[in-house]
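To keep things clear, I will list the structure first and then write my remarks on it.
The values are calculated or read from the model by the stated rules, or taken from the named source; none is laboratory data. Remember, it's a predicted structure, so these values are computed and weren't measured experimentally. We place every Cβ from the backbone using ideal geometry, glycine too, and count neighbours over all the protein chains shown.
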Amino acid sequence: MTEFFGSIWWLLVTLGLLITFHEFGHFWVARRMGVRVLTFSVGFGRTLWSREAADGTVYRVALFPLGGYVKMLDEREGPVADDEAHLAFNRQPVYSRIAIVAAGPLFNLVFAVLAFWVMFLTGIPETRPLIGQTSGIAAEAGLEPGDSIVAVDGESARTWSHAILELVTHALDRDAITLTVEDANGAQSTHDLDLARLGSDFSEERTLEAIGIEPWRLEVPAVVGEVSDASPAERAGIRSGDRIVAIAGEDVEGWQQIGYLVQTHGAEGQALAVTVERDGVVLPLEVRPERRDEGWFSSRLVLGVTNADIGPEQRASLERAAFVLRLGPLEALPAAVSETARLTGATLGLLARMVTGKASVKNLSGPISIAQFANSSATAGFAQFLFFLGAISLSLGILNLLPIPVLDGGHLVYYLIELVKGSPVSEQAQVAGQYFGLIALAGLMSLAFINDILRLVG
């Protein structure tokens, strides 16, 4: 299946799963608080499936799975029999209503912890923050190629994702920080970096480049190791030991480029110009790539070749950089909580910096980006998809806690005001807040969608 349909499928899977868990939070706490639940719906629009339980709750799945809701008995939404008035949401004490509303985002938080816990149990491929080349601020601070970042201003950074997140945070604030690094021999040293020197034109998307750090990458020569039997490469005359020097007229400097160039210029069954060097002789060939399924909903074009074995120095660097982070059940739980706290803090910090102007609103992502990330993480492996689910679950929880009236956070603001003034917010104020919330939410969604489009065309 094409990448497009794969992205759509995994977007629906992601949002359907997370929204269901979110709404289950509202549902579960409401039931515990003695509120009658009328409807538990996953999705909006026309009903695809529904069932009424013995207690009268209607469970339904609707056509558009990009949302969901729990409808509770409420005197504000229709007449309620006198003998059921005590079961209405609006009759509950304010603390009960707060608990019911807050349960959705809280369950998103719980889901993230569970996802990360299973991820650590399964084992996730990671890359240590190994530095390839340095320049600018990093070079002046004494960082050298081959150094591995151990900590950023005292915060542990055992992977590139951890290191980059910490560096971006400090870079946005223009902090002076201390990096702890470890060389190939295991010796540690500290280096002071003055990130105030980044200047006003700094872009958080290019933090490492601005600081002068280039991550280490395994340089694999574009030399063919094995050629699969009856593959497009074999039929085209490619042999073991051939060096691929160009694809579709573009020079190939390393093995990593081959896959990208084949996907970019190739088409299933159509001739693709591939130039190889064999015993010092340059040979122009034509290869007709085949499409190979990768997972349920994605596929890619292949030539049917593997790279030649890397040298001992490259292998040593690779073994130092790449590892699988796998923990036992007891170790995984605090690690999952820590990962959840780390991402929560980073997300809240980024939102605050976008409000103050320290971070660009270009960081907002919409459904297109989420769909792309969902597809790429699902095809990358189970552990990567779990990390994606956990991160998106956190984002949904935090988004729902924003003080916008149509979201859970807006309702919580109303209840907090009620606690202070001793009476509910007036109906007129709530209606006005709903209109404001709809406009604000529409603005945020539009901005996120525009960012998605700009990423696609950029």
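Taking the condition under 30 Å from the mean Cα position of the chain (by Cα) and within 30 Å of Thr347 (Cα to Cα), does Ala30 pass? Against the criterion (under 30 Å from the mean Cα position of the chain (by Cα) and within 30 Å of Thr347 (Cα to Cα)), Ala30 does not qualify. Candidates Val35, Val29, Val42, Val61: the one that is farther than 24 Å from Leu389 by Cβ and out of contact with any Cys (no Cβ under 7 Å at 6 or more places or on another chain) is Val35.
Do the conditions hold for Phe64, that is, is it at pLDDT below 90, at negative phi, within 32 Å of the chain's Cα centre (by Cα) and aromatic (Phe, Trp, Tyr)? Here the answer is yes, as Phe64 does meet what is asked.
Residues to consider are Ile164, Ile137, Ile100; find the one that is within 30 Å of Arg76 (Cα to Cα) and assigned to a helix (DSSP H, G or I).
Result: Ile100 is the single residue among Ile164, Ile137, Ile100 that is within 30 Å of Arg76 (Cα to Cα) and assigned to a helix (DSSP H, G or I).
Candidates Pro129, Pro105: the one that is buried (at least 18 other Cβ atoms within 10 Å of the Cβ), over 19 Å from Pro334 (Cα atoms) and not assigned by TED's automatic domain parsing to the domain that holds Arg197 is Pro105.
May I ask you to list the residues in region 151-182 that are among the charged types (D, E, K, R), within 19 Å of Arg197 (Cβ to Cβ) and either in contact with a helix residue (DSSP H, G or I) (Cβ under 8 Å, 6 or more places away or on another chain) or surrounded by fewer than 17 Cβ atoms within 10 Å (Cβ to Cβ) (or both)? Across region 151-182, the qualifying residues are Asp153, Asp173, Arg174, Asp175. For the residues Val150, Val168, the requirement of being of a type in the set (Val, Ile, Thr) and modelled with pLDDT of 90 or more singles out Val150. Consider Arg342 carefully, then state whether it is in contact (Cβ under 8 Å) with a residue 12 or more places away in the chain, in contact with a His (Cβ under 9 Å, 6 or more places away or on another chain) and within 27 Å of Trp10 (Cα to Cα). In short, yes. Of the residues that make up region 185-202, is at least one touching a residue at least 60 places away in the same chain (Cβ under 8 Å) and out of contact with any helix residue (DSSP H, G or I) (no Cβ under 7 Å at 6 or more places or on another chain)? No, that holds for no residue. Checked against the criterion of being surrounded by 20 or more Cβ atoms within 10 Å (Cβ to Cβ), of a type in the set (Asp, Glu) and either more than 13 Å from the chain's Cα centre (by Cα) or modelled with pLDDT of 80 or more (or both), region 416-437 has no qualifying residue.
Show me the strands (runs of 3 or more DSSP E) found entirely inside region 260-364 where at least 2 residues are among the polar types (S, T, N, Q) and at pLDDT 85 or above.
305-307
If you filter region 2-50 down to residues that are outside any helix (DSSP H, G or I) and among the aliphatic types (A, V, I, L, M), you find that the one that is modelled with the lowest pLDDT is Val42. When the criteria are applied in full, Val245 meets the requirement of being surrounded by fewer than 17 Cβ atoms within 10 Å (Cβ to Cβ), in contact (Cβ under 8 Å) with a residue 24 or more places away in the chain and in a strand (DSSP E or B).
Scanning region 61-76 for residues that are more than 20 Å from Ala102 (Cβ to Cβ) and in contact with a Lys or Arg (Cβ under 8 Å, 6 or more places away or on another chain) gives Ala62, Leu63, Glu75. Candidates in region 85-124 are the residues that are farther than 29 Å from Val29 by Cα and touching a Phe, Trp or Tyr at 6+ places or on another chain (Cβ under 8 Å); of these, the one that is modelled with the highest pLDDT is Thr122.
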